Protein chains: 2
Amino acid sequence: MTEKMEKYLEFMSELEKLKTVTRMNRTLDPGRQENSAEHSWHTALIAILMQGYLPEKTDINKVVKMILIHDIVEIDTGDTYLYDEEKRKQATLKEAIAAERLFSMLPEPHSSEFLNLWEEFEAVETLEARAAAALDSLQPLINHNVTGNGNPRGMTKTKVIEKKIFIRDVSPELWNLAEHLIENAVKKGLFSDE
Amino acid sequence: MTEKMEKYLEFMSELEKLKTVTRMNRTLDPGRQENSAEHSWHTALIAILMQGYLPEKTDINKVVKMILIHDIVEIDTGDTYLYDEEKRKQATLKEAIAAERLFSMLPEPHSSEFLNLWEEFEAVETLEARAAAALDSLQPLINHNVTGNGNPRGMTKTKVIEKKIFIRDVSPELWNLAEHLIENAVKKGLFSDE
């Protein structure tokens, strides 16, 4: 095996660890939380299906790639809960260090490509990064409506809207869908109506 | 919300179920088996990384899409163990019925597109379907080398090679990698050396 292939194998083996990084949301398996690998798969498929509601010039293949890659840094940092402001501030630097370590395991051109795609996603400026961020923000609403059970962290509708409202600027149709899901979650008692 | 978006939402919610479909292989979470959603994520990333070892004209975006979609039918049928010949024969018809039910939940053009992509994957004839099949067959070897523990089903090297040898016709480099992983698994006692 070439040295290059050895590097690829090491990285592809490292990816296994993302399946152990749990998120706040649940799955339909009793008691099991969703992990970042299955979240990424779900979000990538949502991207493909929602393509028609994204700005016309959006490169959907780049969005899908970005989504598949976006959480790899959590192998080192774990997932940071969206509503934990303090932890999110600290997470930024830690995630940049993780990106450096993880993507430098790869041979070029993939090392630079993955790092650049991840940095582009984090900056949320390009069409593709904004679409990926919107879809990444939509998926938990879909998941939560299917798997949610009560409101253990006392989440309010206002807080959720505050975090997700940027979806409206990416796509009014996706924001309609998000609003529908948020209202539905309130009806189910997953968020309080405040 | 439009009727079209309602259909999308129903399908995107249905996808949640794939996270409960377990495979024979394990994860790094103690006692937890891998599910088909995280397997699909892992395989899609492996496809992106191994692109340079696939035949030149392979449409990598189509391969990635195919991989993201290929196991959705297991929502209805469950995963069928590669080495269970009897069950695999019965699985073919059941999976076709599942594809019909699941993909017809989607509005057009996605309904036809997903069904066609899945059928193309199953037929293993086009460049993209052959690449997707090879990568789908490679991922468990990578996962198994990281997470495997003993040889509870008495798997032999010969049986594994018989099932995976088609990778060689897709890509000699991927077959080299597969061989390396199989030899490594024998050394670790995950397959017997027969």
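The values are calculated or read from the model by the stated rules, or taken from the named source; none is laboratory data. This structure is a prediction, so every number in the text was calculated from the model and none was measured. In this analysis, Cβ positions are derived from the backbone assuming ideal geometry, glycine residues included, and neighbour counts consider all displayed protein chains. Please note that ligands, DNA and RNA were not included when accessible areas were found on the heavy atoms of the full protein model with its side chains. Shrake-Rupley method; radii C 1.70, N 1.55, O 1.52, S 1.80 Å.
Points to keep in mind about this one:
- The selection criterion, being at pLDDT 95 or above and open to solvent by less than 10 Å² (accessible area, probe 1.4 Å), holds for B:Phe114.
- B:Pro109 vs. criteria free of Cβ contacts under 8 Å to residues at least 24 places away in the same chain, farther than 19 Å from A:Ile48 by Cβ and open to solvent by 20 Å² or more (accessible area, probe 1.4 Å): no
- Check on B:Asp136, modelled with pLDDT of 95 or more, closer than 24 Å to A:Lys17 by Cβ, open to solvent by 30 Å² or more (accessible area, probe 1.4 Å) and in a helix (DSSP H, G or I): yes
- Scanning segment A:18-45 for residues being without any contact (Cβ under 8 Å) to a residue 40 or more places away in the chain, within 18 Å of B:Leu28 (Cα to Cα) and of a type in the set (A, V, I, L, M, F, W, C) gives a total of 1.
- Residue count for segment B:59-99, restricted to those that are closer than 13 Å to B:Ala133 by Cα and surrounded by 20 or more Cβ atoms within 10 Å (Cβ to Cβ): 9.
- Selected residue (criterion: nearest to A:Thr2 (Cα to Cα)) from residues of segment B:184-194 that are in contact (Cβ under 8 Å) with a residue 12 or more places away in the chain and in a helix (DSSP H, G or I): B:Asn184
- Among the residues of segment B:135-166, those that are more than 14 Å from chain A (Cβ to nearest Cβ) and hydrophobic (A, V, I, L, M, F, W, C) comprise B:Met155, B:Val160, B:Ile161, B:Ile165, B:Phe166.
- Within segment A:51-90, being hydroxyl-bearing (Ser, Thr, Tyr) and farther than 25 Å from A:Pro172 by Cβ holds for A:Thr77, A:Thr80, A:Tyr81.
- Helices (runs of 4 or more DSSP H) fully within segment A:20-131 that include at least 1 residues being of a type in the set (Asp, Glu) and more than 14 Å from chain B (Cβ to nearest Cβ): A:74-77, A:85-103, A:110-123.
- Qualifying residue in segment A:115-132 (condition: closer than 16 Å to A:Leu68 by Cα and in contact with a strand residue (DSSP E or B) (Cβ under 8 Å, 6 or more places away or on another chain)): no
- Of all residues in segment A:154-194, those satisfying the criterion of being aliphatic (A, V, I, L, M) and within 18 Å of B:Glu10 (Cα to Cα) are A:Leu174, A:Leu177, A:Ala178, A:Leu181, A:Ile182, A:Ala185.
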